[in-house]
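S.K.: Encoded as structure tokens, here's the structure I'll be asking about.
The numbers here are math on the coordinates, done by the rules we state, and not lab data. Computed from a predicted model, the values in this text were never measured in an experiment. In this analysis, Cβ positions are derived from the backbone assuming ideal geometry, glycine residues included, and neighbour counts consider all displayed protein chains.
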């Protein structure tokens, strides 16, 4: 699925005003209801679905951006559209900033993997370009639509097949780091990894007679770790290493994390889950 196939210009809007979150959700639902992609779904149905999703946790992830999304019964294909708001709307963002850009994704209930792929694509696109400012500055629906497509051209499959891949192994002793690293993966386009429950030598060292006096010395939380294995394109290795170190701190000076990158002689298959 290509992003241009689901992005609908007629549903995009610039400078939409709303007093609060619920009013903006109503505006977003009205825009979607006019699309052929919605089938028999009404604006009320879409509003309910978007509002229920927001009750699970705000889709405003910060930096003045939100990605409201929902799965709508009866839909046969996906719909993506963009709405800008010059003044912004309080959308319960984690960073408390008012949201000025809304990327709305609606799709069939039974195509979960594609829904995740679209979410990841939009999140990744906004993380690596100057797209945000260009979209906020857009003064027409056409400008909004074309700016997004122009900045999100995907690679040809032939280019992806010719990539040199590396095996990245990440060992983390702080569980909070795990979720932030996985978020980094999505931003960098890494769509699959294997996570293994692992343990450090601290779990076993007290059983060595020489160290019997030190039973309980090691904090139990330091015994357990998570080991992440993933395949990454060679050209992404440095960005990923730097991104991980922004999360963990300088790994050469602090304990609790380590990254290894190994050459891969040959491989078949994929870890991708998105």
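S.K.: Ranking request for peptides 76-86, 142-152: highest mean number of other beta-carbon atoms within 10 Å first, then the rest in descending order.
M.R.: The peptides rank, most packed first, as 76-86, 142-152.
S.K.: Based only on other Cβ atoms within 10 Å, what is the fewest-to-most ordering of 59, 113, 227?
M.R.: 113, 227, 59
S.K.: Moving on to the next point. Arranged by the count of other C-beta atoms within 10 angstrom, fewest first, what order do 132, 224 take?
M.R.: 224, 132
S.K.: Once Rh for segment 93-132 is found with the Kirkwood sum over Cα pairs, what is the Stokes-Einstein diffusion coefficient at 25 °C and 0.890 mPa s, in µm²/s?
M.R.: My calculation gives 206 µm²/s for D.
S.K.: Between 96, 117, 254, find the one with the highest GNM mean-square fluctuation for the chain; connect C-alpha pairs within less than 10 Å.
M.R.: Most flexible of the set in this elastic network: 254.
S.K.: If you don't mind, another one. I want to verify the translational diffusion coefficient of segment 45-116 in µm²/s; compute it with Stokes-Einstein, Rh as the Kirkwood radius over Cα pairs, at 10 °C and 1.306 mPa s.
M.R.: Reported coefficient: 126 µm²/s.
S.K.: For 111, 99, what ranking results if the residue with the fewest other Cβ atoms within 10 Å of its Cβ goes first?
M.R.: With the fewest neighbours first, 111, 99 line up as 111, 99.
S.K.: Cα-based Rg (one decimal) and Dmax (whole number) for the chain, in Å?
M.R.: In order Rg, Dmax, the Cα atoms of the chain give 22.3, 74 Å.
S.K.: Given the options 184, 262, 167, state which has the largest fluctuation in a GNM of the chain using a 10 Å cut-off (strictly under) for Cα springs.
M.R.: For the chain, modelled as a Gaussian network with Cα springs under 10 Å, the answer is 262.
S.K.: I would also like to ask the following. I need to check one value: relative contact order of segment 43-147, counting alpha carbon pairs closer than 8 Å and at least 6 residues apart, in percent.
M.R.: 25
S.K.: Could you please tell me the mean projected area of the C-alpha convex hull for segment 1-84, averaged over all directions and given in square nanometres to one decimal?
M.R.: 5.8
S.K.: A further question on this structure: What value, in deg cm²/dmol to 500, does the helix sum -39500 (n - 2.57) over DSSP H runs of n ≥ 4 give at 222 nm once divided by the residues of the chain?
M.R.: My calculation for the chain gives -10500 deg cm²/dmol from helical runs alone.
S.K.: Now a separate question. Helix 237-248 sits at what angle to the longest principal axis of the chain, using alpha carbons and giving 0 to 90 degrees rounded to 10?
M.R.: That helix lies at roughly 80 degrees to the long axis.
S.K.: State, to one decimal in nm, how far the label point of residue 95 lies from the label point of residue 196, with both points 7 Å from Cα in the Cβ direction.
M.R.: Placing both labels 7 Å along Cα→Cβ, they lie 3.6 nm apart.
S.K.: Let me ask you something else. Using Cα pairs closer than 8 Å and at least 6 residues apart in sequence, work out the relative contact order for the chain, in percent.
M.R.: Taking the mean separation of contacting Cα pairs over the length of the chain, I get 17 percent.
S.K.: Still on this model: Taking just the alpha carbons, could you work out the radius of gyration and Dmax for segment 3-151, both in angstroms?
M.R.: 13.8, 37
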